[in-house]
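Here the structure is laid out as structure tokens; the discussion comes afterwards.
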Amino acid sequence: MTGANARTEAEQSWLLLMAERTEQLRAGITVPSSPADQPDLARASKQLADVTGLVRDLSDEVLFRSVESRTRAILDQVISAYTDAAQQAGEAVASYSNAYALLNFQRRYRDRPDSPDLRDAREHGFAAIQDRLDWARDSLAEGAKRLRTVAEHLDSTPPRTRAARSRTTQRVTDHPHAPAAAPAPPRSAPTQGPGRTL
């Protein structure tokens with residue numbers, strides 16, 4: 001295996017690892033079906049910190065590669081995958097942060113005497129929490145998808161070589177001016193094989 005191929009495999013492995021981590025964070029965020037299923041602030045704080053940490057780690061991957069002096073055919077693809085995933089993770093943070101504030105509103109007013117206005121605010125708040133958590137999950141899914149797609153299509157072969165390989169070439173026998181192939185001898189005709197004389 002060449003050095004370029006080894007680096008490509010290493011990049012693929014790391015992209016897939018980050019994709020798996022992103023998918024695990026997404027799986028940990030559930031959309032509540034009722035107000036009783038809403039995450040409490042302790043759980044929400046942990047999840048928000050985890051998604052925020054993902055943004056930091058993805059940006060660290062970009063930083064690490066953007067200061068390298070070596071040039072690689074795959075470097076731009078890898079950096080783009082991490083920046084795209086970081087953007088999606090950042091959008092997940094924004095959505096989750098909004099739900100986080102609404103969860104605090106629900107906590108603050110959970111023991112207040114019921115009233116039409118408060119009931120309406122709670123219902124709208126719960127619907128907004130569902131939307132924001134769903135959006136956070138969607139963003140993380142998109143980020144993981146981008147990481148996996150790039151990992152699966154990474155190729156350390158230089159672009160000019162890939163282009164040359166992808167060009168179709170006509171077989172010589174298909175060329176209109178190529179001599180026709182000699183017809184096969186009849187089955188009944190004797191043929192000369194190795195060590196045999198006619």
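The values are calculated or read from the model by the stated rules, or taken from the named source; none is laboratory data. Please read all numbers here as calculations on a predicted model, not as lab measurements. Backbone-built Cβ (ideal geometry, glycine too); neighbour counts: all protein chains shown. When the accessible area is computed, the model is the full protein with side chains, heavy atoms only, and any ligands, DNA or RNA have been set aside. Shrake-Rupley method; radii C 1.70, N 1.55, O 1.52, S 1.80 Å.
Points to keep in mind about this one:
- Residue-level accessible surface for Phe64, protein heavy atoms, 1.4 Å, Å²: 120 Å²
- Each of the peptides 4-14, 136-146, 112-122 was scored by the mean count of other Cβ atoms within 10 Å over its residues; in descending order, highest first, they stand as 136-146, 4-14, 112-122.
- With a Förster radius of 35 Å applied to the beta-carbon distance between His153 and Ala49, the computed FRET efficiency rounds to 0.60.
- Measuring spread by the Cα atoms of segment 1-89 yields a radius of gyration and Dmax of 16.8, 57 Å.
- With all protein chains modelled, accessible area of Arg148 [1.4 Å, Å²]: 70 Å²
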